[in-house]
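Chemist: This is the structure I have questions about; it appears just below.
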Amino acid sequence: PPIHRGAEEEMLVLFETPAGFALFKVLDEGKLSSVEDLWKDFASSDKARKVVELKAFNKFENTSDALSAATLLIDSKPSKGLRKFLQKHCDGETLAVADSKLGNAIKEKLQIDCLHNSAVMELMRGLRNQLTELMSGLAEHDLGPMSLGLSHSLSRYKLKFSPEKVDTMIIQAIGLLDDLDKELNTYAMRVREWYGWHFPELTKIVADNIHYAKAVKMMGNRVNAVNLDFSEILPEEVEAELKEAAVISMGTEVNDLDLSNIRELCDQVLALSEYRAQLYDYLKSRMNTIAPNLTALVGELVGARLISHGGSLMNLAKQPGSTIQILGAEKALFRALKTKHATPKYGLIYHASLIGQAAPKHKGKISRSLAAKSALAIRYDALADGDDNSMGLESRIKLETRLRVLEGKELGRSAGSTKGKPKIEAYEKDRKGGGALITPAKTYNSAADLVLGQTTEETPKKSEVASKKRKHQEEEPTAEAAEEDGEQEKEKSKKKKKKSKDIEETPAAVTDASEKKKKKSKEAEDTPAANTDGEKKKKKKKSDAEDAPMEVDVSAKKEKKKKKKHADE
């Protein structure tokens, strides 16, 4: 936009260089009205001198002075030297600045009108392009090393005093703690394996690795165990068991040189465990200082692992709760997305104590709630000024209440389901109000048995059974093979009946029947043509057997009809 100003009012431009602060006077303010064509006026040094000229220059005394001025400018604050320089050379003029916040600070402290717009920014670009030509004492080959040195000093200063870099200690500490755990476990297993040749029973008696190393270091040879006091290391029951096992141990003998090397390895294990305890205390104090609310929610170790995985506390503060929830389970997440399966519900946050307290079916809900509260706690720790952990403690109380509510719902459902209801019985669907069964219970059918020596009184029952079988065969006429099998069984049963009647009437006839059978078998061997006669006889018997059940069916139907007539009458 065009700038309208009185004729007596001039415009100055504040320009920062690695060598110091420069004030340029704008000679032709009309050029600023057309922003698009302003670059043409700085195409050459002669054209640039017609637009601006150097009015004053404030040189930095040394590198530290330049560094302090640059750090204040980054925070949009004028340095002491800049304030004196502007008070001396600005008297009623309008000052054009590259940073609007810096202009506001100058206006508040020095009451100098400041200007910042697109025309000023384009003017700054032109000045930067022709800086060495407009300033006679500043050569281009000097400007490059000066800017490079100042940028290096500024980077080192920011790295040294940056509050974001304090969490680097946490990242390194948790990494070392994990490495120590691995090494400690490896060394402890080596002690167990090495000393196990001499005293193999001790491995099962003492489960803890540190207690095992202390016991081995104190005991040396297992023979000495009986005379030693392990009360400081082990409980009384374990100590008594150890001494009993040492007397009857099946291990091999070990010389003193081997035992001295085993004891040195035990010293290494104990030293590593002591250093790990010190490192854990250090990590605990750092976490309570840097991220107190996150520590109150998830604990020191889980919080440190989250910060380490995120890169820094500030990077973690930029992540949403859903990302924090599955942080550490990226491999499972991408595998689930690739195979179109369910995505993971938790990552590193799974090891938090709140999720450990929850039942398996509630772990997903609690992890989601905990991740959301953790995201808020991380942002509060990274960006807020307070150092207390009150927010984290409040969030933890809310999550514990939610967990109790979830568990209480499940308890209420399970208690109400069994309240005042009878036990489930078999045949519940067949009962009417807990009374007798609607359908009668199945009983054993003794009429279906075949008994030798049966009397003639039971024949009607068997005729009924035969009629039932016949009805079943009539309903399935297509199953011809099944009918033939049933007929053969009937013939066999009739033969058995005849035999039983013969045995009851004339016991002496048994010998005659056996002799007849022998004669028939001899005749069958002599004349194979007799088979045809036997087949004819079988057919006759089949026809007789078929006629008999038919007669029984007709008589049964007649009886049913008579009963119906009586009932109607």
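Chemist: Taking helices (runs of 4 or more DSSP H) that do not extend beyond the stretch 239-342, which have at least 3 residues that are of a type in the set (S, T, N, Q)? First the steps, then the outcome.
Modeler: Details: elements: 256-290, 292-298, 300-310, 313-317, 321-325, 330-339.
Hits in the stretch 239-342: 256-290, 321-325.
Chemist: Also: Mind checking which residues of the stretch 312-359 are free of Cβ contacts under 8 Å to residues at least 12 places away in the same chain and open to solvent by less than 40 Å² (accessible area, probe 1.4 Å)?
Modeler: The answer is 333, 336.
Chemist: Also, I was wondering about something else. Using the structure shown, decide if residue 204 is assigned to a helix (DSSP H, G or I) and under 30 Å from residue 314 (Cβ atoms).
Modeler: It is false that residue 204 is assigned to a helix (DSSP H, G or I) and under 30 Å from residue 314 (Cβ atoms).
Chemist: Which pairs turn up if I take residues in the stretch 176-197 that are free of Cβ contacts under 8 Å to residues at least 40 places away in the same chain and look for partners that are open to solvent by less than 20 Å² (accessible area, probe 1.4 Å) and in a helix (DSSP H, G or I) with beta carbon separation below 7 Å, at least 6 apart in sequence or on another chain?
Modeler: So the pair list comes out as 192/212.
Chemist: Within the stretch 279-288, is there a residue that is polar (S, T, N, Q) and either touching a residue at least 40 places away in the same chain (Cβ under 8 Å) or open to solvent by less than 10 Å² (accessible area, probe 1.4 Å) (or both)?
Modeler: yes
Chemist: Name the helices (runs of 4 or more DSSP H) wholly within the stretch 68-186 that hold at least 2 residues that are open to solvent by 70 Å² or more (accessible area, probe 1.4 Å) and out of contact with any Asp or Glu (no Cβ under 7 Å at 6 or more places or on another chain)?
Modeler: Where helices (runs of 4 or more DSSP H) fall fully within the stretch 68-186 and carry at least 2 residues being open to solvent by 70 Å² or more (accessible area, probe 1.4 Å) and out of contact with any Asp or Glu (no Cβ under 7 Å at 6 or more places or on another chain), they are 80-89, 100-110, 118-129, 140-161.
Chemist: Quick check on the stretch 271-280. Is at least one of its residues over 18 Å from residue 396 (Cα atoms) and in contact with a Ser or Thr (Cβ under 9 Å, 6 or more places away or on another chain)?
Modeler: The answer is no, given that none of the residues of the stretch 271-280 is over 18 Å from residue 396 (Cα atoms) and in contact with a Ser or Thr (Cβ under 9 Å, 6 or more places away or on another chain).
Chemist: Report, by residue number, each residue of the stretch 16-36 that is open to solvent by 10 Å² or more (accessible area, probe 1.4 Å), outside any loop (DSSP other than H, G, I, E, B) and either touching a Lys or Arg at 6+ places or on another chain (Cβ under 8 Å) or not assigned by the TED database to the domain that holds residue 52 (or both).
Modeler: Listed by number, the residues that qualify are 25, 29.
Chemist: Follow-up. For the stretch 245-275, give me each residue that is in contact with an Asp or Glu (Cβ under 9 Å, 6 or more places away or on another chain) and open to solvent by 60 Å² or more (accessible area, probe 1.4 Å).
Modeler: 248, 250
The values are calculated or read from the model by the stated rules, or taken from the named source; none is laboratory data. This is a predicted model, so every value here is computed, not measured. Because the Cβ atoms are built from the backbone with ideal geometry, glycine has one as well, and the counts that use them run over all protein chains shown. These area figures cover heavy atoms from the full protein model, side chains too; ligands, DNA and RNA do not enter into them. Shrake-Rupley method; radii C 1.70, N 1.55, O 1.52, S 1.80 Å.
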